[in-house]
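**Student:** First the structure, which I've put down as structure tokens, then a few questions once you've had a look.
The values are calculated or read from the model by the stated rules, or taken from the named source; none is laboratory data. Since we're looking at a predicted model, the values are computed, not measured. Ideal geometry is used to build each Cβ from the backbone, glycine not excepted, and the neighbour counts take in all protein chains shown. These accessible areas exclude ligands, DNA and RNA; they are computed on the full protein's heavy atoms, side chains included. Shrake-Rupley method; radii C 1.70, N 1.55, O 1.52, S 1.80 Å.
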Amino acid sequence: ALLAAMPRKAPLHIPPDLRDAPADAAGQLASYSSGEAPAVPEAIPVLPEPGNKAIIGTDDRIEFYEAPPYLKGQAEAVAAMALKKLPENAQGKTPPPLCPSERFYDQPALAFCTAFLVGPDLMATAGHCINSDSCANTKFVFDFAVKNPGEVPSDLGPGSAAYSCKEVLVSKYTYKKRDPDMALVRLDRPVKDREPLRLNTSGKLVSEGTPVITIGHFLGVPMKI
């Protein structure tokens, strides 16, 4: 249904699983690609489906400026994935699909996915986020984060560290199947002002009970750790 709402000739890729996307992301993609003004989304009922929670247990997310130095260094290699065709002053204005009582409700939703730097010009992300058809319309934006108390970015801004997708080297994703969901993207130029993240290439996972940390753009809002 989401794909059917798009113009047939629009070279846009809407991930079938929009769990990382802002509210009504499909409608926004379709309206912007056709040059029409974005439609006001209708209220969507929330169904009590098990396993559908985004936050389980204590919500311990923090802003970039609240993180210790070693985590800030890793977070600088994480980028928001945004639509290249949307004007800068329009991006980041969409409110996230949250209830007013939830944390970060008043922050703008810019990203539709998260990616991270793994080489001088290589980004890793999920396969449902990008493929060769959507490469030309995707940009990777670093530093979309709250770096000082009270300074929430309202849009990309003219000084954002933005890079374009040059080519998709790998993209694997099969809807509703437990197949690999990953993609590797080459940027239009090397990233020189931040270090790539190290990958676990041993094939071994950490033991049960080992603490882990996630860094990304939950529901499109500025980076959370």
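**Student:** Out of all the residues in the range 201-221, is one or more more than 17 Å from the chain's Cα centre (by Cα), under 19 Å from Ala77 (Cβ atoms) and buried (at least 19 other Cβ atoms within 10 Å of the Cβ)? It would help to see each step written out before you state the result.
**Tutor:** Of all residues in the range 201-221, those more than 17 Å from the chain's Cα centre (by Cα) come to 201-212.
Keeping just the survivors that are under 19 Å from Ala77 (Cβ atoms) gives 201, 212.
With buried (at least 19 other Cβ atoms within 10 Å of the Cβ) added as a condition, the list becomes none.
No: zero hits.
**Student:** In the range 106-128, what residues are of a type in the set (Phe, Trp, Tyr) and either in a strand (DSSP E or B) or within 16 Å of Ala145 (Cβ to Cβ) (or both)?
**Tutor:** Let us first name the residues in the range 106-128 that are of a type in the set (Phe, Trp, Tyr), namely 112, 116.
Passing the criteria: only Phe116.
**Student:** So which of Arg178, Arg189 ends up being touching a Phe, Trp or Tyr at 6+ places or on another chain (Cβ under 8 Å), among the basic types (Lys, Arg) and open to solvent by 30 Å² or more (accessible area, probe 1.4 Å)? Don't jump to the end; show me each part of the working.
**Tutor:** Details: Arg178 fails: touching a Phe, Trp or Tyr at 6+ places or on another chain (Cβ under 8 Å).
Going through Arg178, Arg189 in turn, just one is touching a Phe, Trp or Tyr at 6+ places or on another chain (Cβ under 8 Å), among the basic types (Lys, Arg) and open to solvent by 30 Å² or more (accessible area, probe 1.4 Å): Arg189.
**Student:** Looking at Asp133, is it of a type outside the set (S, T, N, Q), in contact (Cβ under 8 Å) with a residue 12 or more places away in the chain and closer than 29 Å to Phe64 by Cα?
**Tutor:** Details: of a type outside the set (S, T, N, Q): yes; in contact (Cβ under 8 Å) with a residue 12 or more places away in the chain: yes; closer than 29 Å to Phe64 by Cα: no.
No, not satisfied.
**Student:** To continue, here is another question. Within the range 111-142, take every residue that is of a type in the set (Val, Ile, Thr) and farther than 15 Å from Glu76 by Cβ and give me the one that is surrounded by the fewest Cβ atoms within 10 Å (Cβ to Cβ).
**Tutor:** Going through the range 111-142, the residues of a type in the set (Val, Ile, Thr) turn out to be 114, 118, 125, 130, 138, 141.
Okay, now just the ones that are also farther than 15 Å from Glu76 by Cβ, so 125, 130, 138.
Details: Thr125: 24, Ile130: 27, Thr138: 26.
It comes out as Thr125.
**Student:** Confirm whether Val212 is at pLDDT below 90 and within 27 Å of Tyr65 (Cβ to Cβ). Walk me through it before giving the result.
**Tutor:** Numbers: at pLDDT below 90: yes; within 27 Å of Tyr65 (Cβ to Cβ): yes.
The answer is yes for Val212.
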